[in-house]
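These notes are about the structure you will find just below.
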Amino acid sequence: MLDYQETPNQPLTLVIFGGTGDLTHRKLMPALYHLMADRRLPEETAILAIGRRGMDSEAYRQQARASIERFSRTGVEEERLGRFMERLFYHRMEFVSEPDSYEGLRKILSEREAGFSAPTVRLFFLAVAPEFFGPIVEQLGQRGLAERGNPNHRVMIEKPFGSDLETARTLNQTIANVLEERQVYRIDHYLGKEMIRNILAIRFANSLFEPLWNHHYIDNIQITSTETLGVQGRGAYYEQAGILKDMLQNHLLQMLALITMEPPVDLEPESVRDEKVKALRSLRRFEDENSCGGIVMGQYGAGEEQGKPVPGYRQEEAVDANSRTPTYIALRAQVDNFRWGGVPIYIRAGKRLDRSRTQIVIEFKRLPGVNFYPDFEGQPPNLLVIEVQPAEGMYFQINLKRPGNDFVMERVELNYSQHSRFQGNVPEAYEQLLLEAWRGNASLFTSWDELEHSWRFVEGIEHNCSGQNAQFPNYAAGGRGPEGADRMMALDGRKWWEIELPCEGTNCDTKS
Ligand code: BG6
């Protein structure tokens, strides 16, 4: 296990700005409960939730308890919950309109940390609206709560990091004026997902795959991330973001980078991030309108979810009745380097589709037809499927002879279901991210360079290919998405693989 701490098991103070928000209740509280319950975080931990609503710590703990009971990946055990609650506090603070309130926060932190036995890791988690990221970091710097160059003082920042390349640059500069890059942990929660973390192991710990991982043996790669849910009351945000900024710029490109990067010299954060940057730099941009044939955009109209009627995107709250914001994208990406030249990397993602699934399919090249092997003609290609969610696992499709007297070929699956094997014991993404930020391991977070190249790629699409949005809405909620996505594949002589991995237990409903 990699450990980056100055001394092992350093005490932790975690300050959550946005302590009463949705992310804190749905994700952070359950994650912190599990980390405390499993003794992954030190005994000397203090969690300070900051919010603008007036209440005391006891009232906050009651709310946190309800959230943990509702959203935790396992049941709740009273004794373990008690251990967590003892370390949870609430502090009311106007963090934008009353800069002097940072002085009060500084005192609270100093007092708590004075009681700890070793230098404390001070982690600020910004779970607030993006316009507050810059002002909060500036205050943390000015008031001496986060000291520049102090490796124990770290800031975790949620997405979206900017709304385009320029605003992302400005935000980055504001933060860079206060903190060094190594103190900044930019969150992409997909990097905390088990099967995404597994990509490095699958690629670089298996002699079966690594030699084949290139254009000589791989025909194409498909990255799919679809959801049945719509914008869930986030219409105002989504109008600005759309699928390009909500999913492509971050989660999808991060998966692409991990799948296509070169082997890093070691597993240190810098080494891994450097290779991801190179992969993102090699992505061919959509530089003019002529290049947009490799892109299909969509927006959902009214339809059904689980048999119930649901509104179209334009009817969602806070969405313009003539909105041209895309809620779906399918594209053919090219990583222009010697490993991947000529291998299409198809990406598709969208909201309000018929299933929720994140999956990466590696399609290997077919063997050439050989006249003297007529029974082997027309066999499907070998597929390696990395299922990120809901089933979590890996599946390898090969061709064998069916048992019996006749020589009949059959497609079989070698299937590893992590989900069934570690039922309920697989940590959620935010558990991993919080743990690694405490340990000081930045490899699960995105560096500025990665972000910069992701933004450039997305801006190329936004500037040159938005003409396609004229026909919106162009798919019905609850369906497979726009037909154009299938046409794009058909024109390339390929198809999207729809692989169903068996999933048992909780979180398996691919329709939810
Ligand atoms: C978030 C997006 O980053 O990721 C959401 O803002 C999206 O719109 C979500 O639904 C998907 O995450 P997950 O973990 O549910 O696949």
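Odds and ends about this structure:
- Residue ranges of strands (runs of 3 or more DSSP E) in region 110-188 with at least 1 members within 24 Å of the chain's Cα centre (by Cα), at pLDDT 95 or above and among the aromatic types (Phe, Trp, Tyr): 121-126, 184-186
- Search result, residues across region 356-390 that are within 16 Å of the ligand (Cβ to nearest atom) and out of contact with any Phe, Trp or Tyr (no Cβ under 9 Å at 6 or more places or on another chain): Ser356, Arg357, Ile360, Gln389, Pro390
- Members of region 465-483 found to be touching a residue at least 60 places away in the same chain (Cβ under 8 Å) and either in a loop (DSSP other than H, G, I, E, B) or over 14 Å from Pro326 (Cα atoms) (or both), listed by number: Phe472, Pro473, Asn474, Ala477, Gly478, Gly479, Arg480, Gly481, Pro482
- Residue that is farthest from the ligand (Cβ to nearest atom), among those in region 210-219 that are assigned to a loop (DSSP other than H, G, I, E, B) and surrounded by fewer than 20 Cβ atoms within 10 Å (Cβ to Cβ): His216
- When Ile362, Ile386, Ile345 are checked against the criterion of being assigned to a strand (DSSP E or B), open to solvent by less than 10 Å² (accessible area, probe 1.4 Å) and touching a Ser or Thr at 6+ places or on another chain (Cβ under 8 Å), Ile345 stands alone in meeting it.
- Taken over region 173-209, the criterion of being farther than 30 Å from Ile136 by Cα and surrounded by 15 or more Cβ atoms within 10 Å (Cβ to Cβ) is satisfied by Glu194, Met195, Ile196, Arg197, Asn198, Ile199, Leu200, Ile202, Arg203, Phe209.
- Checked against (1) part of a loop (DSSP other than H, G, I, E, B); (2) buried (at least 17 other Cβ atoms within 10 Å of the Cβ), Met55 meets all criteria but (2).
- Options Met297, Met247; residue that is buried (at least 19 other Cβ atoms within 10 Å of the Cβ), out of contact with any helix residue (DSSP H, G or I) (no Cβ under 7 Å at 6 or more places or on another chain) and among the aliphatic types (A, V, I, L, M): Met247
- Top-ranked residue in region 255-274 [being in a loop (DSSP other than H, G, I, E, B) and charged (D, E, K, R); ranked as farthest from the ligand (Cβ to nearest atom)]: Asp266
- Index of the failed condition, Leu252 passing every other in (1) open to solvent by 10 Å² or more (accessible area, probe 1.4 Å); (2) out of contact with any Asp or Glu (no Cβ under 8 Å at 6 or more places or on another chain); (3) within 16 Å of the ligand (Cβ to nearest atom); (4) in contact (Cβ under 8 Å) with a residue 40 or more places away in the chain: (1)
- Residue tally, condition among the hydrophobic types (A, V, I, L, M, F, W, C), assigned to a loop (DSSP other than H, G, I, E, B) and more than 16 Å from Gly479 (Cβ to Cβ), over region 295-331: 3
- Looking across region 220-240, the residues that are surrounded by 18 or more Cβ atoms within 10 Å (Cβ to Cβ) and either within 11 Å of the ligand (Cβ to nearest atom) or not in a helix (DSSP H, G or I) (or both) come down to Asn220, Ile221, Gln222, Ile223, Thr224, Ser225, Thr226, Glu227, Thr228, Gly230, Val231, Tyr238.
- Residues in region 389-413 that are touching a His at 6+ places or on another chain (Cβ under 8 Å) and either outside any loop (DSSP other than H, G, I, E, B) or aromatic (Phe, Trp, Tyr) (or both): Gly393 only.
- Taken as a whole, the structure leaves Ala201 outside the set of residues that are farther than 14 Å from Ile259 by Cα and of a type in the set (Gly, Ala, Ser).
- Cross-chain or 6+ apart pairs with Cβ under 8 Å, region 15-28 first and acidic (Asp, Glu), then in a loop (DSSP other than H, G, I, E, B): none
The values are calculated or read from the model by the stated rules, or taken from the named source; none is laboratory data. Everything numeric here is computed off the predicted structure, so don't read it as measured data. When we count neighbours, we look across all protein chains shown, and the Cβ atoms used for this are built from the backbone with ideal geometry, even at glycine. To get the accessible areas, we keep the full protein, side chains included, count just its heavy atoms, and leave off ligands, DNA and RNA. Shrake-Rupley method; radii C 1.70, N 1.55, O 1.52, S 1.80 Å.
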